[in-house]
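Only one structure is covered here, and it is reproduced in the block below.
The values are calculated or read from the model by the stated rules, or taken from the named source; none is laboratory data. In this text, all values refer to a predicted model and were calculated from it rather than measured experimentally. Cβ sites come from the backbone with ideal geometry, for glycine too, and all protein chains shown count toward neighbours. Just so you know, the surface numbers come from the protein's heavy atoms only, side chains and all, with ligands and any DNA or RNA stripped out. Shrake-Rupley method; radii C 1.70, N 1.55, O 1.52, S 1.80 Å.
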Amino acid sequence: MKKIISILTAGALLFSLSACGKKSNDNTIKIAYLPITHSLAVLETADELSEQTGLKVELVKYGSWNELMDALNSGRVDGASVLIELAMKSKEQGIGLKAVALGHKDGNVLIASNDITDASELKGKTIAIPHRQSSHNILLNDALVSAGLTIDDVNITELAPTEMPSALAGGQIDGYCVAEPFGAKAVSLGAGKVLFTSEELWEDSLCCGLVLTDRFIEKRENDAKIFVESYKQAGKSLTKEKALETAEKYLNQDKDVLELSLQWISYDDLDITEEDYAVLTEKVKSYGLSENPPSYADFVKNNFE
């Protein structure tokens, strides 16, 4: 009998400790990101949310989009700041995801070597993008169309964002389009120049978005609501000065690079409108990124009841 009581007491203690651990974990939201200016709203949210609500954002940094998407698609994180086209492709393939906000407005540039003066001179050149499923691919297509060219008129290569400025400086590529601050990096180095800003090619373009898993939303809907509301508020609070402070904390780039990069981006209105999403879906179809992108109703969740 004493042995039985001892076993039961030990079991109760273990259960109690486990419950305490579970309760602690329930206060944490795991969000994946890449160290780019397009992630600043989620980085700012991580700094503010715990103080305001007790929820903790655990930031999980990745070095490539493929690594990040593997974590998101497998459920190792609750959400991510990610290229929206990548999340659309996962949704199309049956992964349970919802886009709940934009990552930013504008904030992309098409960089070309200093001897290229207009888009027509891109013909036959080697241009880098971070991933085929990206707004950078779309923006490059838009730039080529403006000069009467198509994607078949250039040589496309996929590179990690961090590699692009040095590849341009070394002559391995002739231009690139990628998340910031790596466009500003080439300008700062004198290796290239801005051929187009994103708004010159595609006004109100969609690029990165905040995406949450369906499982997280269903299990912790109130936490998801609090997180998304805090995220959008953090975006509104990101003045150029505050954005620079957050960027310096997380991005490990020179101040002059970040200051230039932040001239091209804003975070003050991060709702995904049905009109803007319709333009995006038309572009992913017309440029061959996807034949059957998810509908707005199936993929976008702007509001939590």
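The table below lists the values:
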read-out: Difference of contour (0.36 nm per residue) and Cα-Cα distance, Ile156 to Glu241; value: 27.0 nm
read-out: Accessible surface of the chain, 1.4 Å probe, proportion on carbon and sulfur as whole %; value: 47
read-out: Correct choice for percent of Cα pairs over 23 Å apart that was computed from the model, options (i) 69; (ii) 51; (iii) 57; value: (iii)
read-out: Relative contact order [Cα under 8 Å, 6+ residues apart], the range 29-85, whole percent; value: 52
read-out: Charge dipole of the chain about the Cα centre (unit charges at C-beta), most positive-ward option of Gly171, Leu270, Ile226; value: Ile226
read-out: Net charge contributed by nearby residues that have their C-beta within less than 12 Å of Leu34 (K/R +1, D/E -1); value: -1
read-out: Linear extension gain, Asp204 paired with Asn114, 0.36 nm per residue minus alpha-carbon span; value: 29.7 nm
read-out: Segment Glu229-Asp47, length gained on full extension (0.36 nm per residue, minus Cα span); value: 64.1 nm
read-out: Relative packing of 178-188, 283-293, 146-156, which averages over residues the other C-beta atoms within 10 Å, highest first; value: 178-188, 283-293, 146-156
read-out: Value of relative contact order over the chain, rounded to a whole percent, pairs C-alpha under 8 Å and six or more apart; value: 26
read-out: Alpha-carbon centroid distance for the pair the range 84-102 / the range 240-267, whole angstrom; value: 27
read-out: Glu121 paired with Asn292, simple spin-label distance in nm, labels 7 Å along Cα-to-beta-carbon; value: 4.5
read-out: Interchain or long-range residues, amide H under 5 Å from Glu58's placed H; value: Ile29, Lys30, Ile31
read-out: Ordering of 157-164, 79-86 by packing [mean C-beta count within 10 Å, highest first]; value: 79-86, 157-164
read-out: With all protein chains modelled, accessible area of Asp47 [1.4 Å, Å²]; value: 60
read-out: R0 of 22 Å, Cβ-Cβ distance Ser266-Val194: FRET efficiency to nearest 0.05; value: 0.80
read-out: FRET E, pair Asp214, Asn252, Förster distance 25 Å, beta-carbon r, rounded to 0.05; value: 0.15
read-out: In nm, spacing of pseudo-spin labels at Lys285 and Ile95 (7 Å Cα→C-beta vector); value: 2.3
